[in-house]
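Here's the structure we're looking at; comments come further down.
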Amino acid sequence: MSSATPLLEVENLEVNFAIKKGLMQRTVGVVRAVNGVSFKIPRGTSFGLVGESGCGKTTVARAVLQLVEASAGTIRFDGQDIAKMDAPALKKFRSRVQAVFQDPFSSLNPRMSTGRIISEPLRVHRLKPESEIKAEVTRLLDICGLPARFADLYPHEMSGGQRQRVGIARALAMNPELIVCDEAVSALDVSIQAQIINLLEDLQKELGLTYLFIGHDLSVVRHICDQVGVMYLGRMAEAAPSDPLFAKPRHPYTQALIDAVPNPDPDYEQGREIVPLEGEVPSPANPPSGCFFHPRCPLVTDRCRSEVPPLDPVEPGHLAACWETGITVPSA
Ligand SMILES: Nc1ncnc2c1ncn2[C@@H]1O[C@H](COP(=O)(O)OP(=O)(O)OP(=O)(O)O)[C@@H](O)[C@H]1O
Ligand SMILES: [Mg+2]
């Protein structure tokens, strides 16, 4: 596909989970975990997904990785609908898209040495002859900032940051184009986080990688991502390039998330009136009517209680789903 085709294109994605109860496992309801989400990630760029716990970020990632079935909508990778791929295309897709998760301790097999963890995909997919595997493992460790002797260590012998480097090396073994990072640095200490973020950025530049980056730390997402989508209860509340999104958020929910982050400047903090985000995220099994955010929104009006606001442009490339702030600009 041409470089103008986004590497990943998600359109009106819906993922529903049945709620089952009792011995007979009768379906008693449905959780609409992802409720019509769309975004595009151009090749070589990073797209961030943020939002409170339970808003559907991981479910979007799992649908992209084909670990969960989409109930509706389309996911196109390099222009190809992944639901329509034949077996060879699917096999190729599974190597072109890799994932790095939050807790490398649970995603790395504790009984395998680092060398085996990293070389397993090379062997399974026959990417390298046996004679070249050792050198390839050394190369992958090296580009992830670990010395060759780490090949003999087991996950429990490494620190959290080192384990995450191994998780990244294992993902890179497949020579992927898209890496889905689901809270990949969230469990790490701040100084270690910064090192892993630098590594991800260096790898992106050197290898031309594309990232779907999920995180709850807005400053991390702002730093690493070109575009950001803010999810609330399975829907996209706002989506825009990072700078305008953080400098001039247009959805009250985005504003509330930004307000919740303390500013490092004490002068700023002193005079600041913090409007806390009140209440909890409602259950996606029983969402509110109209705009899902309306019960917690400071700008709520009658219309918000009854009508779902569309995700429309407020500036070119800046989308927001809000009746009050989402003043639609004529499309160019
Ligand atoms: N397999 C499943 N079966 C039933 N419900 C599920 C399943 N997976 C997720 N959910 C529900 O879907 C909703 C979205 O969950 P998801 O894990 O995608 O949220 P998240 O944004 O990643 O949250 P967090 O920030 O805590 O990781 C939640 O209400 C969750 O309970
Ligand atoms: Mg999650």
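Using beta carbons and a limit of 6 Å, which pairs, at least six apart or on different chains, have the first residue in the stretch 47-64 and more than 15 Å from Ala285 (Cβ to Cβ) and the second one of a type outside the set (A, V, I, L, M) and more than 10 Å from ligand 2 (Cβ to nearest atom)? Close Cβ pairs satisfying both conditions: Phe47/Gln227; Gly48/Phe213; Gly48/Cys225; Leu49/Gly229; Gly51/Tyr232. Selection of strands (runs of 3 or more DSSP E) fully inside the stretch 1-91 by the criterion of at least 3 residues being buried (at least 16 other Cβ atoms within 10 Å of the Cβ), at pLDDT 95 or above and away from ligand 2 (no atom under 16 Å from the Cβ) returns 8-21, 26-41, 72-77. Being at pLDDT below 95 and in contact with a helix residue (DSSP H, G or I) (Cβ under 9 Å, 6 or more places away or on another chain) is a property that holds for Leu257. Yes or no: the stretch 100-115 includes at least one residue that is farther than 13 Å from Val64 by Cα and among the basic types (Lys, Arg). Looking through the stretch 100-115, at least one residue is farther than 13 Å from Val64 by Cα and among the basic types (Lys, Arg). Within the stretch 226-247, the residues that satisfy the criterion of being open to solvent by 10 Å² or more (accessible area, probe 1.4 Å), away from ligand 1 (no atom under 13 Å from the Cβ) and either in a strand (DSSP E or B) or touching a Ser or Thr at 6+ places or on another chain (Cβ under 8 Å) (or both) are Asp226, Gln227, Ala239, Pro241. Scanning the stretch 207-220 for residues that are assigned to a helix (DSSP H, G or I) and modelled with pLDDT under 95, which turns out farthest from ligand 2 (Cβ to nearest atom)? Result: Ser219.
Residues that are within 16 Å of ligand 2 (Cβ to nearest atom) and either under 30 Å from Cys304 (Cβ atoms) or of a type in the set (Ser, Thr, Tyr) (or both) do not occur anywhere in the stretch 156-168. Has the stretch 161-171 got at least one residue that is over 26 Å from Ile214 (Cα atoms), touching a Ser or Thr at 6+ places or on another chain (Cβ under 6 Å) and β-branched (Val, Ile, Thr)? No, the stretch 161-171 contains no residue that is over 26 Å from Ile214 (Cα atoms), touching a Ser or Thr at 6+ places or on another chain (Cβ under 6 Å) and β-branched (Val, Ile, Thr).
The values are calculated or read from the model by the stated rules, or taken from the named source; none is laboratory data. In this text the structure is predicted, and so the values were computed from the model without any measurement. Cβ atoms come from the backbone with ideal geometry, glycine included; neighbour counts cover every protein chain shown. For accessibility, only protein heavy atoms count, side chains too; no ligands or nucleic acids. Shrake-Rupley method; radii C 1.70, N 1.55, O 1.52, S 1.80 Å.
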